[in-house]
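We did not get these values from a lab; they are worked out from the coordinates using the rules stated. Please read all numbers here as calculations on a predicted model, not as lab measurements. Cβ placement follows ideal geometry from the backbone for every residue including glycine, while neighbour counts extend to all protein chains displayed.
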Amino acid sequence: MAAYMVTFGKTWMIFLGISFVVLSVSITGYIRWTSRSNTRKQRLVQRDRYVEYLAGIRAQARSSAAAQRAVGAFLHPSPQRLWAIAGNRRRVWERRTTDADFLRLRLGLGRGAPRLRISRPGRPDPTADFEPLSQRASDRLVRDYATVGLQPASVDVAGAGVISLLGSQDRTRSAARALLLQLAVLHAPDDVQLAVLAPDAAGDDEDFDAFIRGANARRLQVILDGVFNHVGEQFPVFQPHSIHHVVHVDRMRVAGLLRSTGIHHV
């Protein structure tokens, strides 16, 4: 119609046709601009809601990780905490043969799997694109809580059989002391008996006196029951018994003796 007015009409019809075309183009442009603006605003609102949702998930994951670390620290106390447990005697010998953590000892700390697992949702429409900021926030959340730090790394002494500590003397002895301390504090003597095989160079009377003084300072009583001059095949620790025997070997070659006596847990 506008073309007809311009081609065959009078001056006012030409003006009216041009005005109609301009108005039509303007209205179309305004509608498209409004639609795009509304779509952009809707995306921003959806993005803000999604980021707020991710903030709630992050808070839950942070709380779950803190609770998981607290439970791990309680179930597998640090060597410093074990001294306190031995002093107040509230949790002494709490692990019995029927417990799942019986003879499971802490070696150190590391990163472990979280109790609250977070994963990215699948795309219902593979051809649809995610909003970039929302995608980065989601990826960062999944990455940050893929593991939980300060988790106890433990070893099952009953299942391992033989445990070897390799490295410098200071570090291996420190780790061995921590393992023995867990055995003594958390396991009852009716269930677990310890034996330490070490050469004379492992300590002298002064070292032993220092050990007694340190124990007394922590309000601990030391009961001695062992053979210090010699150990043979008839040593009670090496005899078949329902009690679990744990033998700590410090720089001695006793593999043949242990095999001949049927000892499996060292």
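Once fully extended, how much extra length lies between residue 40 and residue 250, figured as 0.36 nm per residue of separation less the alpha-carbon to alpha-carbon distance?
Details: separation 210, 0.36 × 210 = 75.60 nm, distance 7.12 nm.
Stretched fully, the residue 40-residue 250 segment lengthens by 68.5 nm.
Between residue 215 and residue 168, what is the FRET efficiency for a Förster distance of 30 Å, r being their Cβ-Cβ separation, to the nearest 0.05? It would help to have the intermediate numbers written out before the result.
On the way: r = 26 Å, r/R0 = 0.87.
With R0 = 30 Å, the Cβ-Cβ based efficiency is 0.70.
Where does the charge balance sit around residue 79 when Lys and Arg score +1, Asp and Glu -1, over other residues with C-beta under 12 Å from its C-beta?
Counting the neighbours of residue 79, the net charge comes to +3.
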